[in-house]
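Working notes, structure below.
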Amino acid sequence: MEGMEMSEVLRQRRAELNMSQADLAAAVGIDKRQIRRYEAGEQQPVLSVAVALAEALKISVGELAGIPSHRINLTGDWWASWQTFKDHDEVITAQEIRFRQQGDHIDVNTTTRGITVEDGGYHWRGELRLWDNEVLMGWYAANDGSVRSKGTMYFVLHPHGQQMRGKWVGLSYDGKIVTGWGGIGRTEADARAIIDEMKVSQ
């Protein structure tokens, strides 16, 4: 969106989010005709409306105005590795996940279980929020039938954006609060290496 006019940013971002002009107008609390005027470049929104537009489009007011963002884009396929425990024994798992980033918000979905269902593998989804291009915080919840696991995630992003290291805290299948290391990298080997490094440094 760098160097774009606000009208172009509005049209492009609305299309990326699959929103109609009516959807955006409803989210902001203005008439649909006003959105059409903004997108045609006939008018500029007042500050309060610009803030509401930016929030609805999940971008900053600066980005709405066409000022380039220096936010890292993490959209794509990743590998996540987790330190978990089963019957008091450590189990290190790895699974493929997919990030879909919109502004500071990242939707996360697993694409593989990592281990078999019998061994405790499950699919989950979650959300992360990127803070200052250095920290990711969010939640996860199982979306495999009767699996109860849900919790929070906290990761520190490597300066080049190629890996994340942190912890998860969650509710286990038997109702206990559990925690472990988490590592996210571009390959399975990278993700597993992050866990190994964190275990040594603890």
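The values are calculated or read from the model by the stated rules, or taken from the named source; none is laboratory data. Here the structure is a predicted model, which means the values were calculated and not measured. Ideal geometry is used to build each Cβ from the backbone, glycine not excepted, and the neighbour counts take in all protein chains shown.
Go through region 36-55 residue by residue and tally those that are touching a residue at least 12 places away in the same chain (Cβ under 8 Å) and farther than 17 Å from Gly66 by Cα.
Counting residues in region 36-55 that are touching a residue at least 12 places away in the same chain (Cβ under 8 Å) and farther than 17 Å from Gly66 by Cα gives 1.
Pick from region 37-56 the residues that are surrounded by 14 or more Cβ atoms within 10 Å (Cβ to Cβ) and charged (D, E, K, R): which of them is farthest from the chain's Cα centre (by Cα)?
Applying the filter and picking the extreme gives Arg37.
Which of (1) part of a helix (DSSP H, G or I); (2) in contact with a helix residue (DSSP H, G or I) (Cβ under 8 Å, 6 or more places away or on another chain) is the odd one out, the single condition Pro45 does not satisfy?
Failing condition for Pro45: (1).
Please specify each residue of region 60-118 satisfying the condition of being buried (at least 17 other Cβ atoms within 10 Å of the Cβ), within 12 Å of the chain's Cα centre (by Cα), in contact (Cβ under 8 Å) with a residue 60 or more places away in the chain and more than 20 Å from Asn143 (Cα to Cα).
Of everything in region 60-118, just one residue is buried (at least 17 other Cβ atoms within 10 Å of the Cβ), within 12 Å of the chain's Cα centre (by Cα), in contact (Cβ under 8 Å) with a residue 60 or more places away in the chain and more than 20 Å from Asn143 (Cα to Cα), namely Leu74.
Kindly list, by first and then second residue, each pair from a residue in region 172-201 that is over 19 Å from Asp87 (Cα atoms) and in the same structural domain as Tyr154 (by TED's automatic domain parsing) to a residue that is hydroxyl-bearing (Ser, Thr, Tyr) and crowded, with 19+ Cβ neighbours inside 10 Å, limited to pairs with Cβ atoms under 6 Å and residues at least 6 apart or on different chains.
Gly183/Ser81; Ala191/Ser81; Arg192/Ser81; Ile195/Ser81
Quick one: which residue in Glu197, Glu96, Glu188 is charged (D, E, K, R) and in contact with a helix residue (DSSP H, G or I) (Cβ under 9 Å, 6 or more places away or on another chain)?
Glu96
Count, please, the residues in region 10-23 that happen to be more than 15 Å from Arg36 (Cβ to Cβ) and either hydrophobic (A, V, I, L, M, F, W, C) or touching a Phe, Trp or Tyr at 6+ places or on another chain (Cβ under 7 Å) (or both).
1
Tell me the residue from Val169, Val156, Val147 that is in a strand (DSSP E or B) and farther than 20 Å from Asp132 by Cα, please.
Being in a strand (DSSP E or B) and farther than 20 Å from Asp132 by Cα holds for just one of Val169, Val156, Val147, which is Val169.
Just to be sure before I move on: is Glu16 in contact (Cβ under 8 Å) with a residue 40 or more places away in the chain, over 26 Å from Leu128 (Cα atoms) and either surrounded by fewer than 16 Cβ atoms within 10 Å (Cβ to Cβ) or in the same structural domain as Asp107 (by TED's automatic domain parsing) (or both) in the structure I sent?
no
Could you look through region 94-105, keep only residues that are of a type outside the set (Gly, Ala, Ser) and at pLDDT below 95, and pick out the one that is farthest from Gly145 (Cα to Cα)? Show your work before the answer.
The first filter runs over region 94-105 and keeps only residues of a type outside the set (Gly, Ala, Ser), leaving 95-102, 104-105.
After this cut, where a residue has to be at pLDDT below 95 as well, the list is 100-102, 104-105.
Working: Arg100: 23, Gln101: 26, Gln102: 28, Asp104: 30, His105: 26 Å.
The residue in question is Asp104.
Could you go through region 175-182 and let me know if any residue there is assigned to a loop (DSSP other than H, G, I, E, B) and polar (S, T, N, Q).
Checked against the condition, which is being assigned to a loop (DSSP other than H, G, I, E, B) and polar (S, T, N, Q), region 175-182 yields no hits at all.
So, in region 130-144, of the ones that are of a type outside the set (Gly, Ala, Ser) and in a strand (DSSP E or B), which residue ends up surrounded by the fewest Cβ atoms within 10 Å (Cβ to Cβ)?
Per the stated criteria, the residue is Trp131.
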